[in-house]
Amino acid sequence: MSSGKYIDKLKGSRVLIFGATSGIGFGILEASVEYGATVIISGSNEAKLSRAIEKLKASHPKLSSDNIKGQVCDLSHTDTLEANLTSLLAFATNNGVDKLNHIAFTAGDALPLKPLAEITPEIIQQAGVVRFITPLMLAKLVPTYMVQSPDSSITITSGVIGAKPLPGWTITAAYSSAQEGLARGLAVDLAPVRVNCVSPGSVKTELLAGAADEVLEYMRLATLTQRLGRPEDLAEVYLYAMKDGFVTGSTLHSNGGRLLV
């Protein structure tokens, strides 16, 4: 890759990606490596983590093992969450010696798609553990492990469903909106480190692999682009959030014009 003021913005930086084993997270991984970053990835499954690293190395045969490593981190249980995050941050920074420049958070679990009549307090609480509680607890811990500079960033993930809900998606819509508020609050609390939120529309990832054809067609037609998003499309948004040292407290949208349809 050529050198230059803009191309080299991420060169030599240290990036931690949650949910990087597939989909948008893997796209961010590929893009970060191509721009010269050292990347640490996290996922909930050891086999998927290994496959993601092998897949990356297969497509980037010159990539040094020093520039990519991963660790499993279970984010689904609140009683072990803080300890697991602390262990991951220590691993990602060599016990705080090599501090992080950027964090991208795309982790998620099964969507709680329940009719309103069937929801319970337990379902509501569990739905927020990975998507809301985890990035908030991460923010509590991260100052010790991150370069304190406006050149550093944390980017979390919401979704277009927060602005345009579908029937049965109330819980997911609520947490999506909460994540955008979380980014604004953390931008204030963690300054000068920048905090932003990306709001994706329907993106063709492994999450949609089991969706019926008519559902995928509905999603496609509910855009102005007349196609689903691709992980490589969304990866550009996260990289922008890393590179623009003047953007913070913002929600960045990539949804194919979904809000206009």
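Each value in this text was obtained by applying a stated rule to the coordinates, not by laboratory testing. It should be emphasised that the depicted structure is a prediction, and the values quoted were computed from it without experimental measurement. Quick reminder, even Gly has a Cβ in these numbers, built from the backbone with ideal geometry, and neighbours come from all protein chains shown.
Remarks
- Estimated inter-spin distance, N95 and L260, nm [label 7 Å along Cα→Cβ]: 5.4
- In the chain, the calculated helix contribution to ellipticity at 222 nm averages -12000 deg cm²/dmol per residue, counting -39,500 (n - 2.57) for every DSSP H run with n ≥ 4.
- Contour excess over end-to-end distance, with Cα ends at D66 and V147 and 0.36 nm allotted per residue: 27.2 nm
- Restriction of the chymotrypsin sites (Phe, Trp or Tyr not before Pro) in the stretch 1-67 to DSSP coil positions whose beta-carbon has at most 10 other beta-carbons within 10 angstrom yields Y6.
- Extension gain, K57 to T78: 0.36 nm times the residue separation minus the Cα-Cα distance gives 4.2 nm.
- Rg/Rh for the stretch 148-261 (Cα atoms only, Rh after Kirkwood) is 1.01.
- Note that the stretch 166-181 has calculated 3J(HN,Hα) couplings of 10, x, x, 10, 4, 5, 4, 4, 5, 5, 4, 5, 5, 5, 5, x Hz, one per residue in order, obtained from phi through the Karplus relation 6.51 cos²θ - 1.76 cosθ + 1.60 (θ = phi - 60°); glycine and proline are x.
- Förster-model FRET efficiency, 41 Å R0, I133 and S3, C-beta, rounded to 0.05: 0.50
- Size of the stretch 103-192 as Cα extents on the principal axes (Å, biggest first): 46, 24, 18
- FRET E, pair F246, A212, Förster distance 41 Å, beta-carbon r, rounded to 0.05: 0.45
- The modelled label-to-label distance between E46 and I124, using points 7 Å beyond Cα along the C-beta direction, is 3.8 nm.
- Phi-based couplings in Hz for the stretch 121-132 (Karplus 6.51, -1.76, 1.60; Gly and Pro marked x): x, 5, 5, 4, 5, 5, 5, x, 4, 6, 7, 10
- For the stretch 230-235, backbone phi angles converted through the Karplus equation (6.51, -1.76, 1.60; θ = phi - 60°) give residue-by-residue couplings of 10, x, 5, 5, 5, 4 Hz, Gly and Pro being listed as x.
- For a modelled paramagnetic label at A191, 7 Å from Cα along Cα-to-Cβ, the residues of the stretch 220-255 in reach, with backbone nitrogen under 14 Å, are 246-250.
- Considering only beta bridges that DSSP places wholly inside the stretch 7-256, some 0 percent are antiparallel.
- Ordering of 118-124, 39-45, 240-246 by burial proxy (mean other Cβ atoms within 10 Å per residue, highest first): 39-45, 240-246, 118-124
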